1. Going through LEU227, LEU162, LEU185 one at a time, which residue ends up being over 25 Å from TRP302 (Cα atoms) and among the hydrophobic types (A, V, I, L, M, F, W, C)?
2. Within the stretch 135-192, which residues are open to solvent by less than 20 Å² (accessible area, probe 1.4 Å), out of contact with any Asp or Glu (no Cβ under 8 Å at 6 or more places or on another chain) and of a type in the set (S, T, N, Q)?
3. Evaluate the stretch 179-187: report whether one residue or more is basic (Lys, Arg) and within 20 Å of the chain's Cα centre (by Cα).
4. Check whether at least one residue in the stretch 207-215 is open to solvent by 40 Å² or more (accessible area, probe 1.4 Å), in contact with a Pro (Cβ under 8 Å, 6 or more places away or on another chain) and over 20 Å from ALA310 (Cβ atoms), and report yes or no.
5. Which residues, counting only those in the stretch 30-75, are among the aliphatic types (A, V, I, L, M) and open to solvent by 30 Å² or more (accessible area, probe 1.4 Å)?
6. Find the residue count for the stretch 227-281, including only residues that are outside any helix (DSSP H, G or I), surrounded by 15 or more Cβ atoms within 10 Å (Cβ to Cβ) and among the basic types (Lys, Arg).
7. Just checking, does the stretch 168-180 include any residue being free of Cβ contacts under 8 Å to residues at least 12 places away in the same chain and not in a strand (DSSP E or B)?
8. Looking at ALA94, ALA123, which is the one that is of a type outside the set (Asp, Glu) and more than 13 Å from the chain's Cα centre (by Cα)?
Amino acid sequence: MSSRKILACLTALIASSITALAQDCPRGDLDKAYCDRNGDLVADLPTDPKQVVNPSTLVFSYTPVEDPAVYQKVWDGFIKHLEKTTGKRVVFFAVQSNAAQYEAMRSGRLHVAGVNAGGNPTAVNCAGFVPFAMMAAKDNSFGYEMEIIVPADSPAKTPADLKGKKIVFTAPTSNSGYKAPSAILEADFKLVAKTDFEPVFSGKHDNSILGVVNKDYDSAAVANSVLSRMIARKVFDPAKIRSIYKSETFPTSGYGHAYNLDPALAAKVKEAFFTFPWEGSALKQEFQTEDKFIPIEYKKDWSVIRKIDAATGVKYTCK
């Protein structure tokens, strides 16, 4: 056989192997680092045992929707329960931004997390996040709404009245803080960002809310779950703001683990969430309408969020 034929055969064999590997690792929107062979839209456990992790210390973080210092205390009781259930030391990682949280999990420095509703698709596709739980009430009801708030003495009665004004959002990955209101403002009120209003980003829901309270902003799109908790803590006088729009109900923050966590340890992490005693806990005091964690399926329960992402042209680009 000539060298030319041998080279052609080798080229064909390599191409065939690459195709076989690609078929063996379907991934959909997932980053190239992950595979999704069972079609549940989240990253599979690595097939290489060397990539599976079982750390002596688990790192936990909660989405930075509000002051991390406040939530470190709120989650303290749960962390102790997680330690008891898993037999591991657990530390709270106070992240300052959504991007920092995703990067920490992607790089292996974060093992368990609560990720904001709008950020779940990015965390799933870019960081190997596997959500499995969500907070709910006793009757299994869950969710929150996006509201657009204005100062109490604002002349605005509906979002249409915000044309030419400044609207503050939280972060581009936030569902209620950016993606949902952007889609709604354009589809229902014909308001296009940078054309009909000036979009501004505050970084967090509490920053947006206080910005409206102090009249730094004409209006803000926020999660009313955060709004309710701040009012309950008496952070501000609710008489200083007014809501001019309320959306349909969205899922709340998703709780999950890194895709490469040892299966036995991951099972213990799930057990900790589903057996946590809410009554009398700091979590119950903070999330007053919630009473437990319930199982969720990312493919089904986050479909509305993914539809909003698709409608607004969001891409799960992993940096």
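1. Details: LEU227 fails: over 25 Å from TRP302 (Cα atoms); LEU185 fails: over 25 Å from TRP302 (Cα atoms).
Unique residue meeting the criteria: LEU162.
2. Once the filter is applied, which keeps residues that are open to solvent by less than 20 Å² (accessible area, probe 1.4 Å), out of contact with any Asp or Glu (no Cβ under 8 Å at 6 or more places or on another chain) and of a type in the set (S, T, N, Q), the stretch 135-192 yields THR170, SER174, ASN175.
3. Taking the stretch 179-187 as the starting set, the residues that turn out to be basic (Lys, Arg) are 179.
After this cut, where a residue has to be within 20 Å of the chain's Cα centre (by Cα) as well, the list is 179.
The answer is yes; a qualifying residue exists.
4. First, pick out the residues of the stretch 207-215 that are open to solvent by 40 Å² or more (accessible area, probe 1.4 Å): 207, 210, 214-215.
Narrowing further to those that are in contact with a Pro (Cβ under 8 Å, 6 or more places away or on another chain): 215.
Still in the running and over 20 Å from ALA310 (Cβ atoms): 215.
Looking for residues that are open to solvent by 40 Å² or more (accessible area, probe 1.4 Å), in contact with a Pro (Cβ under 8 Å, 6 or more places away or on another chain) and over 20 Å from ALA310 (Cβ atoms), one finds at least one in the stretch 207-215, hence yes.
5. If the condition is that a residue be among the aliphatic types (A, V, I, L, M) and open to solvent by 30 Å² or more (accessible area, probe 1.4 Å), then ALA33, LEU41, LEU45, VAL52, VAL53, ALA69, VAL70 are the ones that fit.
6. The number of residues fulfilling the criteria is 1.
7. First pass over the stretch 168-180, keeping only residues free of Cβ contacts under 8 Å to residues at least 12 places away in the same chain: none.
No: the stretch 168-180 contains no residue that is free of Cβ contacts under 8 Å to residues at least 12 places away in the same chain and not in a strand (DSSP E or B).
8. ALA94
The values are calculated or read from the model by the stated rules, or taken from the named source; none is laboratory data. Small disclaimer: the values here were computed from a predicted structure and weren't measured. Neighbour counts are summed over all protein chains in view; Cβ atoms, including those assigned to glycine, are modelled from backbone coordinates with ideal geometry. What goes into the accessible areas is simple: the full protein's heavy atoms, side chains included, and nothing from ligands, DNA or RNA. Shrake-Rupley method; radii C 1.70, N 1.55, O 1.52, S 1.80 Å.
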